[in-house]
Amino acid sequence: MNNGRLLAIVIAAATVALIVVGTVWPVPSAKAMAGSGASLLRSSSSPQAAVENLAAEIGRQAWGNAYSSLANKSEFTEIEFVRDLTGSYPSLRTYATLDSFDLRPLHASADEAQIQLKLRWSTVVGAFLDTRELRVVRTGDRWGVVWPIVKEPRVPPQVIPVTYLRWDVIYRGAEDDWGSQDVEAPHVRIVDMHPVDRGGGVVIMGELLNEDVVPAFVTVKATLLAKNGSALSTEDSFDKISHILLPKQVTPFLIAFHDVALSEVDSVHMEPSSTLIAASADPVIEIEDQRLSPAPKATLNGKLVNQSGQAVSVAHVLGTFYDKNGQLIWVADQYVDRALLPQTPVAFAMSVPADIAVKVSSERAITTTYSSGRFQ
Amino acid sequence: MKSRFTFLLSGLVLAAMPPTLAQTSGLRLPKTVEAGSAFSIQSSGTGKAVLYIVGPGQALRRDVRLGETTFFAPGDLHNAGRYVVALVGDASTEDGAFDVIAASPPVALSFLAKPSRLAVNLHEGISGVVYVFDTFQNLVLTPAQVSFQLSGIAGAVQTRTALTRIGVAWTKMNSAAKEGASQFVARVGDAASTRVIQQVPGDACHLRMSARPSGERLAVETEPVRDCSGNALPDGTIVTFTETYKGSESTVDVPLKRGVARTDMPAYSGAKISVATGVLIGNEIRWDK
């Protein structure tokens, strides 16, 4: 009885102590996410404090406060600063919220410091990282951040004629007679498929071809079967696939099973499905200068160039990696956080596991785009 | 309300009947009745009774005088199937059954043609299935001759005939060598139904491209892309251009426009440019300034 009472008292005391610690010395990113006012911010009496304060203001979307704290605000306007962080055109950045941030001091002297700021933004398709190398300078007894402004290019007003195809579909109606035809679903085919053991689970990778003359919305579902024929698990490719396939287009897909070992699997049942959808052949995206940088931090780098006239809000890049025998060994993807403006390159870098990267002999990248309420 | 009461009453009468129905001597029923046609039922004895006829989706109730003939007008029974008859009098109940069969000849058909879109030159790639019905949408079970005809802007007209079996007839047709829409017609007597079959080009047979300087860039363009029967692949078909240069690669998926795909790529001297569509790989060009 006495032991229980003692434990309750200890827990209560520890809780009160933690609340006090969290209130008096809050974690900067937590403070920013809590939307706390400027009163909780530290004075910018050190380079780290100046950067923390700036990141906190960005997290609260207090653009005016953030801009006014900068040491180089005479070089650009507040609107340009906000556009640097949220994008000039609708994009993933526009709808992102700051999840957390990290600082890493790189260099410091009496009047100047170099700090790396990593801003982790969360979006509906996952998080993306915005890393800035910040110069922090001393002005009197305060420190101010010299913001490395990235000015997004603006496209001058113009008319860009686009004459690519668009497919529209009229489906079977409820009043049509029994036996009346509906529009035929596009014919798609899995042209490659490999199950591999990875991280204690099973990963199924492959490629899907739209062999029809109409656009298709595609998904791939896989069921792992045990030796007795029972289903071990069923998963689909979710966003590790380009769901919109134009005629004769090929997409990679990756399906991950985290809770099944490959040794338990006897066979795999694949279910590709396709639906005829309205789509447009526009925009055409060129993927320039793709290059695989080696391990340990292996990435597939490249630039996306929008060859059409329409600004693309979100681009999803899928990379397919092959070994020297031409066998598919990995599928990776990345969302690009900035809008793709006509003829304006936007860089991307997608991570590739180090053990995979050393085996890669060639790669292929494709993009799916989202623009103003419609796919492709 | 009245019809619901009649239906309930009919159900109760049927529930009270012995499992095996037989035509009783006092109730003379037709063996079969053609759907929608007039018929009569003769009873024997004297007095009043109520005649119930219950079948698929239909129930009739008539007050009758025993010993007289009860007439039913054309259209009173129109659903094909087995009908149970009960004559409920003051002192006794008689029962029996007869069949209503589909009217002949067939006047309507349901035509399933698959697929509605397929590649050219496919042997027996098109299937047609016909279900024949009478005026009242009863499946006509007696054999009927069905003719199928596939005709279009290209290729010879294909004709097949088939007899229905249990109300169904089917056939298979070849797709034409040339692309285009074909009319697939099924005909039974005066009844006909038409479906449109779109015959589309198959996979590309040859893929060739050329390159020329275009300012600071390189303009690459395919020749008109055709399948092995000479049909031009439809606009919108994706052609992939790939340029490799000193370990880096540039790719662009370009839709065909007016039969050809064209785009601009970086102009690196010594670069190799290849082209592909679907699983077909075309020629490769080495670009030297």
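The values are calculated or read from the model by the stated rules, or taken from the named source; none is laboratory data. Since we're looking at a predicted model, the values are computed, not measured. We place every Cβ from the backbone using ideal geometry, glycine too, and count neighbours over all the protein chains shown.
Which ones in the range A:281-300 are in a strand (DSSP E or B), surrounded by 14 or more Cβ atoms within 10 Å (Cβ to Cβ) and more than 9 Å from chain B (Cβ to nearest Cβ)?
Correct list: A:299, A:300.
Restricting the search to the range A:233-262, which residues are out of contact with any Phe, Trp or Tyr (no Cβ under 7 Å at 6 or more places or on another chain), touching a residue at least 24 places away in the same chain (Cβ under 8 Å) and more than 14 Å from chain B (Cβ to nearest Cβ)? Show your work before the answer.
We begin by selecting, within the range A:233-262, every residue out of contact with any Phe, Trp or Tyr (no Cβ under 7 Å at 6 or more places or on another chain); these are A:234, A:236, A:238-239, A:242, A:245-262.
Restricting the remaining residues to those that are touching a residue at least 24 places away in the same chain (Cβ under 8 Å) gives A:239, A:242, A:245-262.
If the condition is that a residue be out of contact with any Phe, Trp or Tyr (no Cβ under 7 Å at 6 or more places or on another chain), touching a residue at least 24 places away in the same chain (Cβ under 8 Å) and more than 14 Å from chain B (Cβ to nearest Cβ), then A:239, A:253, A:254, A:255, A:256, A:257, A:258, A:259, A:260, A:261, A:262 are the ones that fit.
Looking at B:137, B:42, which is the one that is on the phi > 0 side of the Ramachandran plot and either assigned to a strand (DSSP E or B) or within 14 Å of chain A (Cβ to nearest Cβ) (or both)?
On the way: B:42 fails: on the phi > 0 side of the Ramachandran plot.
Every option except B:137 fails the conditions.
So which residues in the range A:238-296 are over 23 Å from residue A:359 (Cβ atoms) and aliphatic (A, V, I, L, M), if there are any at all? Show your work before the answer.
Within the range A:238-296, the subset over 23 Å from residue A:359 (Cβ atoms) is A:238-239, A:242-249, A:259-260, A:264, A:266-267, A:269-286, A:288.
Answer for the range A:238-296, where residues must be over 23 Å from residue A:359 (Cβ atoms) and aliphatic (A, V, I, L, M): A:244, A:245, A:246, A:260, A:270, A:276, A:277, A:278, A:279, A:281, A:284, A:285.
Checking residue B:245 against (1) within 13 Å of residue A:164 (Cβ to Cβ); (2) of a type outside the set (Asp, Glu); (3) surrounded by fewer than 20 Cβ atoms within 10 Å (Cβ to Cβ): exactly one of these is not met. Which one?
(1)
Name the single residue, out of those in the range B:248-289 being in contact (Cβ under 8 Å) with a residue 60 or more places away in the chain and among the β-branched types (Val, Ile, Thr), that is surrounded by the most Cβ atoms within 10 Å (Cβ to Cβ).
B:277
So for the range B:223-242 (the condition being within 10 Å of another protein chain (Cβ to nearest Cβ) and surrounded by fewer than 15 Cβ atoms within 10 Å (Cβ to Cβ)), does at least one residue qualify?
From the range B:223-242, those within 10 Å of another protein chain (Cβ to nearest Cβ) are B:225, B:233-242; that's our starting set.
Restricting the remaining residues to those that are surrounded by fewer than 15 Cβ atoms within 10 Å (Cβ to Cβ) gives none.
No - not one qualifying residue is present in the range B:223-242.
Please tell me if residue B:149 is within 19 Å of the chain's Cα centre (by Cα), not hydrophobic (A, V, I, L, M, F, W, C) and not in a loop (DSSP other than H, G, I, E, B). Quick ask: steps written out before the conclusion?
Values: within 19 Å of the chain's Cα centre (by Cα): yes; not hydrophobic (A, V, I, L, M, F, W, C): yes; not in a loop (DSSP other than H, G, I, E, B): yes.
Here the answer is yes, as residue B:149 does meet what is asked.
List the pairs whose first member sits in the range B:90-106 and is β-branched (Val, Ile, Thr), whose second member is part of a loop (DSSP other than H, G, I, E, B), and whose Cβ atoms are under 7 Å apart, counting only residues at least 6 apart or on separate chains?
Short answer, once both residue conditions are applied: B:100/B:35; B:100/B:77; B:100/B:79; B:100/B:80; B:101/B:35; B:101/B:80.
Only one residue in B:220, B:130 is on the phi < 0 side of the Ramachandran plot, within 14 Å of chain A (Cβ to nearest Cβ) and in contact with a Leu (Cβ under 7 Å, 6 or more places away or on another chain), so which one is that? Walk me through it before giving the result.
On the way: B:220 fails: in contact with a Leu (Cβ under 7 Å, 6 or more places away or on another chain).
One residue alone meets the criteria, B:130.
Collect the residues in the range A:145-204 that are among the small types (Gly, Ala, Ser), within 14 Å of chain B (Cβ to nearest Cβ) and touching a strand residue (DSSP E or B) at 6+ places or on another chain (Cβ under 7 Å), keeping them in residue-number order.
From the range A:145-204, those among the small types (Gly, Ala, Ser) are A:173-174, A:179-180, A:185, A:199-201; that's our starting set.
Imposing the further condition that a residue be within 14 Å of chain B (Cβ to nearest Cβ) reduces the set to A:179-180, A:185.
A:179, A:185 - these are the residues of the range A:145-204 that are among the small types (Gly, Ala, Ser), within 14 Å of chain B (Cβ to nearest Cβ) and touching a strand residue (DSSP E or B) at 6+ places or on another chain (Cβ under 7 Å).
When you scan the range B:72-123 for strands (runs of 3 or more DSSP E) that lie fully inside it, which ones turn up with 2 or more residues that are of a type outside the set (Gly, Ala, Ser), within 14 Å of another protein chain (Cβ to nearest Cβ) and within 22 Å of the chain's Cα centre (by Cα)? Write out each step before concluding.
Working: elements: B:81-89, B:93-101, B:108-114, B:117-119.
Per the criteria, B:108-114, B:117-119.
Tell me, which helices (runs of 4 or more DSSP H) wholly within the range A:1-94 include 1 or more residues that are at pLDDT below 90 and over 28 Å from residue A:340 (Cβ atoms)? Can you show your working first?
Working: elements: A:2-24, A:28-33, A:47-59, A:63-68, A:78-86.
Passing ranges, in order: A:2-24, A:28-33.
Can you tell me which residue among A:306, A:301 is at pLDDT 90 or above, under 18 Å from the mean Cα position of the chain (by Cα) and of a type outside the set (Val, Ile, Thr)? Write out each step before concluding.
On the way: A:306 fails: under 18 Å from the mean Cα position of the chain (by Cα).
Checking each option against the conditions leaves just A:301.
I need the full set of residues from the range B:243-289 which are facing another protein chain (nearest Cβ under 7 Å), within 44 Å of the chain's Cα centre (by Cα) and outside any strand (DSSP E or B), in order please. Before the answer, list the steps.
From the range B:243-289, those facing another protein chain (nearest Cβ under 7 Å) are B:247-255, B:257, B:263, B:266, B:277-279; that's our starting set.
Adding the requirement that they be within 44 Å of the chain's Cα centre (by Cα) leaves B:251-255, B:257, B:263, B:277-279.
The answer is B:278, B:279.
With the requirement that a residue be within 12 Å of chain A (Cβ to nearest Cβ) and either part of a strand (DSSP E or B) or out of contact with any strand residue (DSSP E or B) (no Cβ under 9 Å at 6 or more places or on another chain) (or both), what does the range B:192-217 give you?
Of everything in the range B:192-217, those that are within 12 Å of chain A (Cβ to nearest Cβ) and either part of a strand (DSSP E or B) or out of contact with any strand residue (DSSP E or B) (no Cβ under 9 Å at 6 or more places or on another chain) (or both) turn out to be B:193, B:194, B:195, B:196, B:197, B:198, B:199, B:200, B:204, B:217.
Can you tell me which residue in the range B:155-210 is farthest from residue B:137 (Cα to Cα), limited to those that are buried (at least 18 other Cβ atoms within 10 Å of the Cβ) and among the charged types (D, E, K, R)?
B:179
Identify all residues within the range A:208-230 that are within 14 Å of another protein chain (Cβ to nearest Cβ), without any contact (Cβ under 8 Å) to a residue 40 or more places away in the chain and small (Gly, Ala, Ser); write none if there are none.
The answer is none; no residue qualifies.
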